[in-house]
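Participant: Take this structure, written in structure tokens, and hold onto it; I'll ask about it next.
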Amino acid sequence: MVFTDDTDAALQTTVLLTNSTDEPGQPLGTVEDLSAFLAEWAYTGRHDATPEELDAVRGLRPRLRELLLADRDGAAAIVNEMLAEARALPQLQRHHHWDWHLHAVDPDRPLDERVVVETAMAMVDVIRADEMGRLDTCAADDCDDVVLDLSRNRSRRYCSTTCGNREAVAAYRARQRS
Ligand SMILES: [Zn+2]
Ligand SMILES: [Zn+2]
């Protein structure tokens with residue numbers, strides 16, 4: 001565990017949303033996909049399960065990506081902006097299997113607003129711990145996705161095992177050729 005459990009989970013969900021496409025089966029593929037994703041990650045609060053809500057969350061991807069990949073000072077500025085925009089009000093909450101942890105907006109606010117605030121709050125921990133190095137882009141040549149490295153030895157370089165395996169095969173072929 002690098003951060004607290006709830007921060008780790010918030011970072012993981014944000015990275016999954018940021019890297020997702022609109023294809024069915026992806027977290028933001030269909031309204032049902034989003035519902036399943038929220039249930040899987042024990043995401044609390046309002047969920048309209050409408051196409052409008054799905055679109056609003058899809059629309060967050062560029063901004064989330066910008067935050068996740070910013071340098072530390074840049075990330076601090078974006079977090080402050082996000083929290084101010086949402087008029088964040090820190091509050092302890094307890095839901096699902098999560099013990100008391102920090103939320104910063106009421107559970108009845110629209111999902112896209114809460115995703116932004118949840119991400120901003122998780123990034124507060126990353127910035128304070130000076131751990132921005134945990135976030136990077138995938139090391140695979142043809143992939144630009146965000147990698148979140150929560151490993152103890154900071155060894156994670158690829159966004160997914162698919163990318164890791166593809167790169168391993170490519171490296172093997174290159175060795176064979178030479
Ligand atoms: Zn929570
Ligand atoms: Zn990748």
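Participant: Just the number, please: carbon plus sulfur as a percent of the accessible area of the range 21-178, 1.4 Å probe, no ligands or DNA/RNA counted.
Facilitator: On the way: 4540 of 9270 Å².
So the carbon and sulfur contribution to the accessible surface is 49 percent.
Participant: Summing Lys, Arg as +1 and Asp, Glu as -1, what charge do residues with Cβ under 10 Å from the Cβ of R114 carry, R114 excluded? Don't skip to the answer; put the middle values down first.
Facilitator: Numbers: positive: R46, R109; negative: D106, D108, D112, E113, E118.
That sum, taken over residues with Cβ under 10 Å, equals -3.
Participant: Here's something else I'd like to know. How high is the relative contact order of the range 61-178? Use alpha-carbon pairs under 8 Å, at least six apart in sequence, and give a whole percent. Provide the component values of the computation, followed by the final result.
Facilitator: Values: 118 pairs, mean separation 22.6, N = 118.
Relative CO of the range 61-178 lands at 19 percent.
Participant: If you build a Gaussian network model of the chain, linking Cα atoms that sit under 10 Å apart, which residue out of L11, L38, L28 swings the most?
Facilitator: Among L11, L38, L28, the largest GNM mean-square fluctuation belongs to L38.
Participant: Ignoring ligands, DNA and RNA, what accessible area per residue does the chain give at 1.4 Å, in Å²? Display every interim value, and only then the final one.
Facilitator: Working: 9990 Å² over 178 residues.
Using a 1.4 Å probe on heavy atoms only, each residue of the chain averages 56 Å².
Participant: DSSP loop trypsin sites (Lys or Arg not before Pro) in the range 48-116 with at most 13 other Cβ atoms within 10 Å of their Cβ, which ones?
Facilitator: Numbers: sites: R58, R63, R65, R72, R87, R94, R114; in loops: R87.
The qualifying sites are R87.
Participant: Now a separate question. At 1.306 mPa s and 10 °C, plugging the Kirkwood radius over alpha-carbon pairs of the range 55-137 into Stokes-Einstein gives what diffusion coefficient in µm²/s?
Facilitator: Values: Rh = 13.3 Å.
The estimated diffusion coefficient comes to 119 µm²/s.
Participant: Using a basic spin-label model with each label point 7 Å from the Cα along Cα→Cβ, how many nm lie between D99 and A84?
Facilitator: 3.5 nm
Participant: As a test of the definition: which semi-axes, in Å, follow for the chain when you take the square root of five times each eigenvalue of its alpha carbon gyration tensor? Largest first, please. Mind dumping the intermediate values first?
Facilitator: Working: eigenvalues 174, 78, 43 Å².
Result for the chain: semi-axes of 29, 20, 15 Å.
Participant: About the Cα centre, and with charges only on the beta carbon of Lys, Arg (+1) and Asp, Glu (-1), how big is the dipole of the range 1-98? Nearest 20 debye, please. Working shown, then result.
Facilitator: Working: 8 positive and 17 negative charges, 57 e Å.
Its charge dipole is roughly 280 debye.
Participant: Moving on. Once every DSSP H run of n ≥ 4 in the chain is given -39500 (n - 2.57) and the sum is divided by its residues, what mean residue ellipticity at 222 nm do you get, rounded to the nearest 500 deg cm²/dmol?
Facilitator: Details: 7 runs with 90 residues, N = 178.
Calculated at 222 nm, the ellipticity per residue is -16000 deg cm²/dmol.
Participant: Apply the Kirkwood formula to the range 106-174: the hydrodynamic radius equals the inverse of the mean of 1/r over all pairs of different alpha-carbon atoms; give it in Å with one decimal.
Facilitator: Kirkwood radius, the range 106-174: 14.2 Å.
Participant: Determine by what factor the alpha-carbon radius of gyration of the range 38-80 differs from 2.2 N^0.38 Å, reporting the quotient.
Facilitator: Details: Rg = 13.4 Å, N = 43, 2.2 N^0.38 = 9.2 Å.
Cα Rg divided by the expected 2.2 N^0.38 Å: 1.46.
Participant: Where does the Debye-calculated log10 I(q)/I(0) of the range 19-93 sit at q = 0.19 Å⁻¹, using only Cα point scatterers of equal weight, no solvent?
Facilitator: Each listed q corresponds, in turn, to -0.97.
Participant: Find how much the distance from D136 to N165 grows on full extension, using 0.36 nm per residue of separation minus their present alpha carbon separation; answer in nm with one decimal. Walk me through the numbers on the way to the answer.
Facilitator: Numbers: separation 29, 0.36 × 29 = 10.44 nm, distance 1.84 nm.
Fully extending the segment from D136 to N165 adds 8.6 nm.
Participant: Further, regarding this structure: Give me the number: length gained by fully extending D5 to R128, i.e. 0.36 nm times residue separation minus the C-alpha to C-alpha distance, one decimal in nm. If you can, show how the numbers build up before the last one.
Facilitator: On the way: separation 123, 0.36 × 123 = 44.28 nm, distance 1.62 nm.
Roughly 42.7 nm would be gained on extension.
Participant: Enumerate the amide H contacts of G29 below 5 Å, restricted to partners 5 or more residues apart or on another chain; note that Pro and chain-start residues carry no placed amide H.
Facilitator: Counting only residues 5 or more places away or on other chains, the set is L34.
Participant: Chymotrypsin sites (Phe, Trp or Tyr not before Pro) within the range 1-98: which are DSSP loop residues with at most 16 other Cβ atoms inside 10 Å? Could you put the intermediate results ahead of the total?
Facilitator: Working: sites: F3, F37, W41, Y43, W98; in loops: F3, W41, Y43.
Those that pass, being in a loop and sparsely packed, are W41.
Participant: How high is the FRET efficiency from E40 to R175, r the C-beta distance, R0 30 Å, rounded to 0.05?
Facilitator: Working: r = 39 Å, r/R0 = 1.30.
FRET efficiency, E40 to R175: 0.15.
The values are calculated or read from the model by the stated rules, or taken from the named source; none is laboratory data. All values derive from a computational prediction rather than experimental measurement. All Cβ positions, even for glycine, are placed from backbone atoms using ideal geometry, and neighbour counts span all protein chains on display. The protein model used for the area step is the full one, side chains on, heavy atoms only, and it has no ligands, DNA or RNA in it. Shrake-Rupley method; radii C 1.70, N 1.55, O 1.52, S 1.80 Å.
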